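So the structure is just underneath, and the comments pick up after that.
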Amino acid sequence: PFSFTPPGRNHLFVPGPVNIHDRVLRAMNVPGQNHRDPWFAEFYKEVLEDSKFVFQTKEATPFIFPSTGTGGWESALQNTLSPGDKVVTFRYGQFSHLWIDMQQRMGLDVHAVDVPWGEGVHEDKLEQILKQDTGKKIKAVCVVHNETTTGVTSDVKGCRDAMTRANHPALLLVDGVSSIGALNFRMDEWGVDVAVTGSQKAMSLPTGLAYVAASKKALEAHKTAQLKRCFFDWADYLKSNPVGSTPYTPSLNLLYGTKESIAMLKEEGFDNVVARHHRLAEGVRQAVAGWGLKTLCKEDRWKSDSLTVVETPGVDSNKIVKAAFAKYDLSLGVGLSQINGKVFRIGHLGNMNELMLAGALMGAEMSMRDAGMNIVPGSGVSRAVDYWQKTTPIIPTRE
Ligand code: PLP
């Protein structure tokens with residue numbers, strides 16, 4: 001059979017899995033090792049401590065599971081809640097939908113608040129729901145910080161403020177799968193009780209780890225939570241973490257990758273990491289405007305710096321994604337579920353810089369033209385280039 005490997009690199013611009021830095025790849029490139037050898041304990045304790053950086057927490061207890069973001073969701077729910085507990089979750093995309101589905105399957109009593117896709121959590125509505133709960137039956141508010149289906153970032157601090165205004169004691173559980181490590185996220189400052197992310201997003205690693213952090217209040221709730229749990233039971237980790245061991249075989253290579261990836265984020269500095277994602281995203285948004293198109297995100301305050309979701313009215317966006325991969329070796333994100341065929345997604349998470357993203361925008365322009373759209377070549381790229389040329393800082397070691 002005919003086989004052909006395209007020259008050059010695949011241009012990976014989906015919002016996870018993401019591009020991985022060579023430094024991280026090298027750190028993970030180790031032969032098999034025994035996690036029961038004496039060196040492991042100190043190493044593992046360091047990785048756990050490091051992981052607090054991405055959550056911006058000093059107070060919370062970190063857990064690292066061989067899993068994905070979905071496992072992190074499960075861990076957050078089953079360790080803090082009991083069968084029949086009432087939870088409130090806004091639904092504004094496929095991931096908030098799937099989390100709600102899990103909450104229902106786990107036997108929770110879910111108050112799902114549907115808002116149009118393209119919007120985020122309405123804090124006033126949340127406040128109203130909590131105020132009406134005079135018997136304090138609601139045990140948790142679940143928020144998907146960055147909805148990767150729609151390119152909408154909800155205001156987690158705004159949610160906490162709404163809970164405070166309602167004087168409500170519910171836990172705040174946050175899916176930060178496509179935000180933590182890229183966007184501004186401050187677990188302690190914002191009063192988040194459980195935060196969850198996965199390795200293949202902003203952590204810029206391969207898929208395979210779920211990172212969870214639990215506040216003191218969440219650990220208190222854990223003591224009485226009755227949902228069945230085994231693999232993700234915090235109780236086992238609360239015994240093993242302090243002595244630097246794990247309840248079962250850890251994913252050692254991914255832990256090496258985690259250490260290196262967080263070292264790189266620390267070198268860059270938290271605020272710079274957030275600013276970088278904002279700059280990359282803003283360039284892409286400029287390009288979308290240059291194309292004469294719109295993002296799905298309905299309000300400026302919700303625009304996502306993790307990914308941009310571009311509407312393609314009148315054109316099947318799957319054709320664009322297909323052409324991008326088939327002709328230019330460019331991987332763009334398809335529209336998920338009810339918006340399949342209506343949007344395509346450009347991820348700007350992970351190891352990436354302005355010129356890489358400029359290549360993706362160029363590929364998007366060519367692919368949109370391939371799909372029959374009337375896009376002037378360079379119309380988006382030129383806007384992004386103009387913005388990036390003015391805003392990209394000098395690399396600190398090259399001044
Ligand atoms: N939550 C969000 C916001 C996501 O984007 C994803 C995956 O893309 C998930 C949860 C599920 O994570 P995973 O696929 O790692 O299980």
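Assorted remarks:
- Every condition in (1) within 11 Å of the ligand (Cβ to nearest atom); (2) in contact with a Ser or Thr (Cβ under 9 Å, 6 or more places away or on another chain) is met by residue 73 except one, and the failing one is (2).
- Among (1) at pLDDT below 95; (2) not assigned by TED's automatic domain parsing to the domain that holds residue 330, the one test that residue 257 misses: (1)
- Of everything listed in (1) without any contact (Cβ under 8 Å) to a residue 60 or more places away in the chain; (2) under 23 Å from residue 204 (Cβ atoms); (3) hydrophobic (A, V, I, L, M, F, W, C); (4) surrounded by 18 or more Cβ atoms within 10 Å (Cβ to Cβ), the single unmet condition for residue 309 is (1).
- The range 378-398, residues that are in a helix (DSSP H, G or I) and of a type in the set (Val, Ile, Thr): 381, 385, 391, 397
- Residues considered: 397, 392. Of these, the only one that is under 28 Å from residue 257 (Cβ atoms), more than 27 Å from the chain's Cα centre (by Cα) and of a type in the set (Ser, Thr, Tyr) is 397.
- Taking the numbered list (1) over 19 Å from the mean Cα position of the chain (by Cα); (2) in contact (Cβ under 8 Å) with a residue 40 or more places away in the chain in turn, residue 261 passes all entries but (1).
- Residue check for residue 248: surrounded by fewer than 20 Cβ atoms within 10 Å (Cβ to Cβ), over 29 Å from residue 382 (Cα atoms) and away from the ligand (no atom under 16 Å from the Cβ): yes
- Applying the criterion of being touching a Lys or Arg at 6+ places or on another chain (Cβ under 9 Å) and in a helix (DSSP H, G or I) to the residues of the range 159-186, the residue that is farthest from the ligand (Cβ to nearest atom) is 165.
- In the set (1) free of Cβ contacts under 8 Å to residues at least 24 places away in the same chain; (2) of a type in the set (A, V, I, L, M); (3) farther than 23 Å from residue 183 by Cβ, residue 334 fails one condition alone, (3).
A quick yes/no check of all residues on (1) assigned by TED's automatic domain parsing to the domain that holds residue 382; (2) under 19 Å from residue 382 (Cα atoms); (3) among the aromatic types (Phe, Trp, Tyr):
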residue: 261; (1), (2), (3): no, no, no
residue: 275; (1), (2), (3): yes, no, no
residue: 279; (1), (2), (3): yes, yes, no
residue: 297; (1), (2), (3): yes, no, no
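- Residues that are among the β-branched types (Val, Ile, Thr), touching a Phe, Trp or Tyr at 6+ places or on another chain (Cβ under 8 Å) and over 15 Å from residue 145 (Cα atoms) within the range 114-131 are absent altogether.
- Check on residue 151, surrounded by 23 or more Cβ atoms within 10 Å (Cβ to Cβ), within 17 Å of residue 270 (Cβ to Cβ) and within 16 Å of the ligand (Cβ to nearest atom): no
- Only a single item in (1) within 14 Å of the ligand (Cβ to nearest atom); (2) surrounded by fewer than 24 Cβ atoms within 10 Å (Cβ to Cβ) is not met by residue 137, and it is number (1).
- Residue satisfying all of: in the range 43-70; outside any helix (DSSP H, G or I) and of a type in the set (A, V, I, L, M, F, W, C); nearest to the ligand (Cβ to nearest atom) among these: 65
- For the range 210-241, taking the residues that are free of Cβ contacts under 8 Å to residues at least 24 places away in the same chain and not basic (Lys, Arg), the one that is nearest to residue 85 (Cα to Cα) is identified as 220.
- Selected residue (only one of 195, 218, 210 is buried (at least 23 other Cβ atoms within 10 Å of the Cβ), in a helix (DSSP H, G or I) and either more than 17 Å from the chain's Cα centre (by Cα) or within 13 Å of the ligand (Cβ to nearest atom) (or both)): 218
- Number of positions in the range 12-31 that are part of a helix (DSSP H, G or I), under 21 Å from the mean Cα position of the chain (by Cα) and surrounded by fewer than 19 Cβ atoms within 10 Å (Cβ to Cβ): 1
- Scan of the range 116-126 for residues that are more than 16 Å from the ligand (Cβ to nearest atom) and farther than 21 Å from residue 195 by Cα, ordered by number: 116, 124, 125
- Given (1) touching a His at 6+ places or on another chain (Cβ under 7 Å); (2) more than 27 Å from residue 236 (Cβ to Cβ), index of the condition residue 80 fails: (2)
- Members of the range 207-236 found to be over 27 Å from residue 17 (Cα atoms) and of a type in the set (Ser, Thr, Tyr), listed by number: 215, 224
- Here residue 90 does not fit the description of being closer than 24 Å to residue 343 by Cα, in a helix (DSSP H, G or I), within 16 Å of the ligand (Cβ to nearest atom) and of a type in the set (Phe, Trp, Tyr).
The values are calculated or read from the model by the stated rules, or taken from the named source; none is laboratory data. Predicted model, so just to flag it, every value in this text is computed and none were measured. A quick note on method: Cβ atoms are made from the backbone with ideal geometry, for glycine too, and the neighbour counts reach across all protein chains shown.
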